[in-house]
Amino acid sequence: MSGYLTGLPMKITSMSTQVRNPNRVNISVDGKYRFSLDISQVTSLGIKTNLDYSEAAIAEFEQEGEFGKIYSRALEYCFVRPRSSREMRDYLWRKTLAKKYKSRQGEVRDREGVPQAIVDRVFDRLVEKGHIDDERFAEYWIENRKLRQGVSRRHLSGELRQKGVASGIIDQVLSQSSRDESDELSKIIAKKARLYSDRQKFIQYLARQGFSYDDIKSALEAED
């Protein structure tokens with residue numbers, strides 16, 4: 001703590017738990033609200049009221065508060081469903097953009113985006129903790145995508161490429177998947193056949209879904 005207690009002194013005068021988020025603590029410096037931290041950060045940083053801190057120390061605490069806030073939001077984004085590395089990088093990049101907001105007085109103001117160094121740190125922490133893993137994401141996507149409707153491997157592969165997953169990972173996970181191309185094709189035929197009176201148009205539709213002509217022909221003959 002001795003490094004924090006140098007330079008022009010500033011005093012942390014109060015700490016109070018947020019009403020909307022009891023896991024975060026509002027920090028006031030010299031009688032005015034300055035930033036917020038996660039409760040765990042308050043403990044790990046050893047912050048206490050009525051102690052003098054330098055401006056550099058206060059700025060460091062603010063950065064830690066911003067990191068904790070963005071990391072928590074990124075975790076929530078992951079917990080909705082697993083995310084690929086590209087999805088998370090895109091999500092965090094949006095956090096760096098300046099945004100307009102309306103003040104309590106009704107004025108429209110600009111809010112600066114999150115510094116790139118902080119979002120980079122958030123991404124690295126997510127990877128370190130195993131929350132971002134493209135192989136695990138690909139496994140989730142392949143085993144859960146359109147289970148009732150059916151989907152071809154080629155279609156799954158295309159979706160994963162759009163999510164930024166490397167071809168090598170896609171091929172590996174697809175080769176290990178228990179999803180059977182014939183079963184997936186049968187699901188689509190059972191669901192869509194009644195919509196097509198023209199057999200050739202139905203074949204073209206199934207081909208656009210990523211199935212081979214031979215598989216389509218065999219599946220339709222089995223249905224006859």
* Inspect all residues belonging to region 13-26 and state whether any of them is assigned to a helix (DSSP H, G or I) and touching an Asp or Glu at 6+ places or on another chain (Cβ under 7 Å). => no
Taking first residues from region 187-200 that are within 15 Å of residue 211 (Cα to Cα) and second residues anywhere that are β-branched (Val, Ile, Thr) and not in a helix (DSSP H, G or I), the pairs with Cβ under 9 Å that are 6 or more apart or on different chains are 187/151; 188/151
Checked 41, 63, 105 against criteria (part of a loop (DSSP other than H, G, I, E, B) and either outside the structural domain of residue 164 (by TED's automatic domain parsing) or surrounded by 13 or more Cβ atoms within 10 Å (Cβ to Cβ) (or both)); the one match is 105
Among 160, 147, the single one that is in a helix (DSSP H, G or I) and either more than 14 Å from the chain's Cα centre (by Cα) or not hydrophobic (A, V, I, L, M, F, W, C) (or both) is 160
Counted residues in region 12-32 being free of Cβ contacts under 8 Å to residues at least 12 places away in the same chain and under 16 Å from residue 57 (Cα atoms) come to 0
Would you check if there is a residue in region 41-59 being among the acidic types (Asp, Glu) and closer than 15 Å to residue 21 by Cα?
no
Result of the Cβ filter at 9 Å on region 46-60, keeping first residues that are in the same structural domain as residue 36 (by TED's automatic domain parsing) and in a helix (DSSP H, G or I) and partners that are charged (D, E, K, R) and surrounded by 15 or more Cβ atoms within 10 Å (Cβ to Cβ), at least 6 apart or interchain, is 58/34
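Per-residue answers, yes or no, for (1) out of contact with any helix residue (DSSP H, G or I) (no Cβ under 6 Å at 6 or more places or on another chain); (2) within 18 Å of residue 12 (Cβ to Cβ):
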position	(1), (2)
39	yes, yes
46	yes, yes
54	yes, yes
61	yes, yes
64	no, yes
82	no, no
When region 163-206 is checked residue by residue, the ones that are of a type in the set (D, E, K, R) and part of a helix (DSSP H, G or I) are 171, 181, 183, 184, 187, 191, 192, 194, 199, 201
All-but-one check, residue 48 against (1) surrounded by 13 or more Cβ atoms within 10 Å (Cβ to Cβ); (2) farther than 30 Å from residue 141 by Cα, failing number (1)
If we ask which residues in region 20-38 are surrounded by 13 or more Cβ atoms within 10 Å (Cβ to Cβ), of a type in the set (Asp, Glu) and more than 29 Å from the chain's Cα centre (by Cα), their number turns out to be 0
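The values are calculated or read from the model by the stated rules, or taken from the named source; none is laboratory data. Because the structure is predicted, anything quoted here is derived from the model rather than measured. Positions of Cβ are generated from backbone atoms using ideal geometry, with glycine treated the same way; all protein chains shown enter the neighbour counts.
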